[in-house]
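Enquirer: Submitted below is the structure of interest, expressed as structure tokens.
Just so you know, all these numbers are worked out from the coordinates, no wet-lab data involved. Just so you know, these numbers come straight off a predicted model, no measurement behind them. In this analysis, Cβ positions are derived from the backbone assuming ideal geometry, glycine residues included, and neighbour counts consider all displayed protein chains.
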Amino acid sequence: MARKATVSRDTLETQITAEVDLDGSGTVEFDTGIPFLEHMLDQVARHGMIDLRIKAVGDLHIDDHHTVEDIGITLGQAVAKAAGSKTGIFRYGHAYVPLDEALSRVVVDFSGRPGLTYQVPFTRASIGGFDVDLFLEFFQGFVNHALVTLHVDNLRGDNSHHQAETVFKAFGRAMRMALTTDPRMAGIMPSTKGVL
């Protein structure tokens, strides 16, 4: 069964459509008006083997906050919808990713319970004009609507671009692991509760 979904979110601040294919090849198509976020989402797609198409129109004349947060929300909803009942998946995923001096770890659990622990001590407040505080808003929006538990830790790094890139690559790799189906688990819910 295809694990694909399209979700649209329309508010007074943003209009966003997110399309995902969890069994893709890492292809992307973005039109958000926020180039650095698109660069990070490209990492998620390519390292997570998830096809992503995201179109967003937001109040960027104010700042990027609403658009970044709402992209996280909409992407979270799309991933949750595409994952369906979650039977047969590994459920848990983790990854360590280095880039030169930077190293990040991301751990995800498709638990059905939203929870975020985020420890990323960026060395600069912005990267190419992108406010790094907004990454927390992105992940919080994603977690709340994908209904996952997510731990994001940058363990070291001096270059903020490297810090961000290792976080998003690790996020993609962890998602890929958690969402992979195990033939031995076909039709089985990966929980002693029988529901996620």
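Enquirer: Give me the net charge of residue 1's neighbourhood, meaning all other residues with Cβ under 15 Å from the Cβ of residue 1; Lys, Arg count +1, Asp, Glu -1.
Expert: Spelling it out: positives minus negatives among the neighbours equals +2.
Enquirer: Right, another one. Count neighbours as other Cβ atoms within 10 Å of each site's Cβ, and list the GluC sites (Glu not before Pro) in the stretch 1-41 that are DSSP loop with at most 16 such neighbours.
Expert: Filter output for the stretch 1-41: 13.
Enquirer: Using 0.36 nm per residue, how much length does the chain from residue 57 to residue 15 gain when fully extended, once their Cα-Cα distance is taken away?
Expert: 14.6 nm
Enquirer: Note down the net charge around residue 30, summing +1 for each Lys or Arg and -1 for each Asp or Glu among other residues with Cβ under 13 Å from its Cβ.
Expert: -3
Enquirer: Less than 11 Å Cβ to Cβ from residue 149, Lys/Arg counted +1 and Asp/Glu -1: what total charge do the surrounding residues give?
Expert: Summing Lys and Arg as +1 and Asp and Glu as -1 gives +1.
Enquirer: Using the reciprocal of the averaged 1/r over all distinct C-alpha pairs, how large is the Kirkwood radius of the chain in Å?
Expert: Evaluated over the chain, this radius sits at 16.6 Å.
Enquirer: Additional query: Compute the Cα gyration tensor for the stretch 1-110, then decide on rounded, prolate or oblate, letting a ≥ b ≥ c be the square roots of its eigenvalues: rounded whenever a/c is under 1.5, prolate when a/b is larger than b/c in the other cases, and oblate in all that remain.
Expert: Verdict is oblate for the stretch 1-110.
Enquirer: How many nm is it between the label spots at residue 8 and residue 186, if each spot is 7 Å from the Cα in line with the beta carbon?
Expert: Between residue 8 and residue 186, the simple spin-label model gives 3.8 nm.
Enquirer: For residue 193, give me every one of the lysines with a C-alpha distance below 30 angstrom, ignoring sequence neighbours fewer than eight places off in its own chain.
Expert: Excluding near neighbours in sequence, the set is 4, 81, 86.
Enquirer: Per-residue ellipticity at 222 nm for the chain, helices alone: DSSP H runs ≥ 4 residues times -39500 (n - 2.57), over residue total, nearest 500 deg cm²/dmol?
Expert: -11500 deg cm²/dmol
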